[in-house]
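A short write-up of the structure that comes next.
The values are calculated or read from the model by the stated rules, or taken from the named source; none is laboratory data. Keep in mind that this is a model prediction, so the values were computed, not measured. Note that we place each Cβ from the backbone using ideal geometry, even for glycine, and neighbour counts take in every protein chain shown. Heavy atoms of the whole protein, side chains included, go into the accessibility calculation; ligands, DNA and RNA do not. Shrake-Rupley method; radii C 1.70, N 1.55, O 1.52, S 1.80 Å.
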Amino acid sequence: VQLQAYGGGLVRTGGSLRLSCAASGRTLSSYGMGWFRQAPGKEREFVAAISWSGSTTTYTDSVKGRFTISRDIARNTIYLQMISLKPEDTAVYYCAVKTHSGSVRWQSEYKYWGQGTQVTVSS
């Protein structure tokens with residue numbers, strides 16, 4: 001499985017971005033996909049996840065109401081629509097395929113990871 005994340009960039013506070021992550025390979029046996037982020041000097045953290053069917057989504061509290069995760073099954077692609085961005089959203093954003101049945105918030109449940117895309121929000 002290979003993942004290609006893109007769509008990051010530099011925006012001002014209050015701006016919007018949409019991240020995309022295209023998956024190739026055998027993803028049908030996965031439990032879904034997720035987005036994580038790592039800010040400078042901090043550990044990587046969970047942002048959002050979506051089940052394979054798209055019927056279930058989960059968000060970390062700090063992005064609820066501002067970020068929306070979605071997927072296009074036909075394109076094997078997930079998206080992260082981000083609005084009302086804040087400087088604290090600045091991070092490298094990673095997409096990942098969930099291959100184990102544990103919590104969507106646990107990085108250990110994801111086997112395949114994309115290369116990351118940089119999001120920078122200026123104040």
(request) Please give the solvent-accessible surface of Ile69 in Å², to the nearest 10, using a probe radius of 1.4 Å with every protein chain present. (result) 10
(message) Can you give me the distance in nm between label points at Ala39 and Ser122, each placed 7 Å from the Cα along the Cα-to-Cβ direction?
(response) 2.0
(message) I want to check the label-to-label distance for Ser84 and Ser108. Put each point 7 Å from Cα in the C-beta direction and report it in nm to one decimal.
(response) 3.4
(request) For Ser53 paired with Arg66, estimate the spin-label separation in nm (one decimal), with each label point 7 Å from Cα along the Cα-to-Cβ line. (result) 3.1
(message) Under the rule a/c < 1.5 gives rounded, and otherwise a/b versus b/c splits prolate from oblate, where does the chain land using the Cα gyration tensor?
(response) prolate
